[in-house]
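Here's the structure, in C-alpha cells; my notes come after.
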Amino acid sequence: MKIFKYFVLLSFLVSSLYSQDESNFTFGISSFHNTISNQDRIEKLTINLVEKIKKDYKKDFNVIFYKDEKVLLKDFKERKNIDAIVINPETYFENKNMIKEISENPFIYKNSKVNYSQLLLIANKNSKINSLKDLKNKVFMNTQYSQSYSIWLDYLYLKNTHTAYENIIKNELFSSKPSTALLDVYFNKADFCIIEKDVYENMLILNPSLSKNLMIIEKSPEIFFASFTSIHKDTPQKSVDLINEIVDSKDFKNDFREFLKLINLDSASKIEFEDLKEMENFYEEYKELKKKYN
C-alpha cells in the first residue's frame, strides 16, 4: 500500500512534467519494505498506470523500483539512472547528511491538511489498558504500509521501560489501513492500535459511538509524514521549477482528489530541510535508545 501511494502520486507529477515536453526525468522508489504479495500487485498496477500515462500524454518517463536501498542511494548519489528519490522517513534519517549534500528541493507526502501528523495509541476499554505498562501480553494491531507506528511504540517502550515492545506484547497483527486497524480494536480483534489523529477524528465523525469503547493512551509529537522526496542538484533547473509549480499548485489536490482519497493521502508539500529538524531529533534519540537497550 505504501509503495502504491508513492507511485500514484509520482505518476501524475511526472506525467504533468512531460506534458510540458521536458527531457526525461526518473524517480527511484524504494520497494524494500514491501511484502511479496504486495509487490506482485504493485507491478500489475504499475504496468497499467504507466501504459495509460504514455497513451494520454504520448511521452515516455521512468519510474524505477529498487528492492535494495543501498543501490538506490548509490545511484542517486551518482545521478545514475535516476534524478530523484522517494523513500520513507526512516531511510531519510539514516542517510540525511548525504541526501542534504547532493540534493535539493525536498518535499513530503502528508496524510492530513497539516504537514506533520500526530500519532495516537488507542486501546479498547475492555482490555483494561491505562498506560504503557498495561500493554504486557496484549495484541497490537499494526498497519502494513507504515513503519512509523511500530517505531514510535518501540521508542516509547525503550524510553520508559528500557526494553523493546516485541518483548512485552503478546502478538502483533497487521491490518490493511489505519481505519481498519481502529475497527479491529473496537470489535475486540486486538487490544490496541496506533493511527493518525486525523484518521481517528474522521472516524468519530462517521461513527461517534466509537469513543464509548475506545480510549487514547499516548499522543506523539506532530512530526510524522508518509514519505520523502528530493531531487539531485545536477537536475536541469527547468525540471525542478516545473515540479515545484505542480506541488505548490492549489489545483494539484483538486485535480487528483479521488486518487489521493484512494490512497489515504491529502497532498504533497514542499519543505526545507530545516523543517525536518524535530523529526531528525526524534530518530536520533530513538537510535541512541536502541543502541543502549537492545
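No value in this document is a laboratory result; all are computed from the given coordinates. None of the values given here were measured: they were computed from a predicted structure. All Cβ positions, even for glycine, are placed from backbone atoms using ideal geometry, and neighbour counts span all protein chains on display.
Determine the percent antiparallel among the DSSP beta bridges restricted to region 119-219, to the nearest 5. The antiparallel proportion sits near 60 percent.
Over all other residues within a Cβ to Cβ distance under 15 Å of V185, the charged ones net out to +1, with Lys and Arg as +1 and Asp and Glu as -1. Summary value for region 93-174: 28 percent relative contact order, contacts being C-alpha pairs under 8 angstrom separated by 6+ residues. Evaluated with a Cβ-only charge set (Lys, Arg +1; Asp, Glu -1), region 119-219 carries a dipole of roughly 320 debye about its Cα centre, given to the nearest 20. Taking all Cα-Cα distances within region 119-219, those exceeding 19 Å account for 33%. Farthest toward the dipole's positive end in region 119-219, which of S146, L173, V185, given Cβ charges of +1 (Lys, Arg) and -1 (Asp, Glu) about the Cα centre? The residue sitting farthest along the positive end of the dipole is V185.
Remark on F224: its backbone amide H falls under 5 Å from those of S117, a criterion applied only to residues 5 or more positions apart or on other chains, H modelled at 1.01 Å from N. Shown here for region 115-146: trypsin sites (Lys or Arg not before Pro) in loop regions (DSSP other than H, G, I, E, B) with at most 13 other Cβ atoms within 10 Å, namely K128, K136. The relative contact order of region 119-219, computed from alpha carbon pairs under 8 Å that lie at least 6 residues apart in sequence, is 47 percent.
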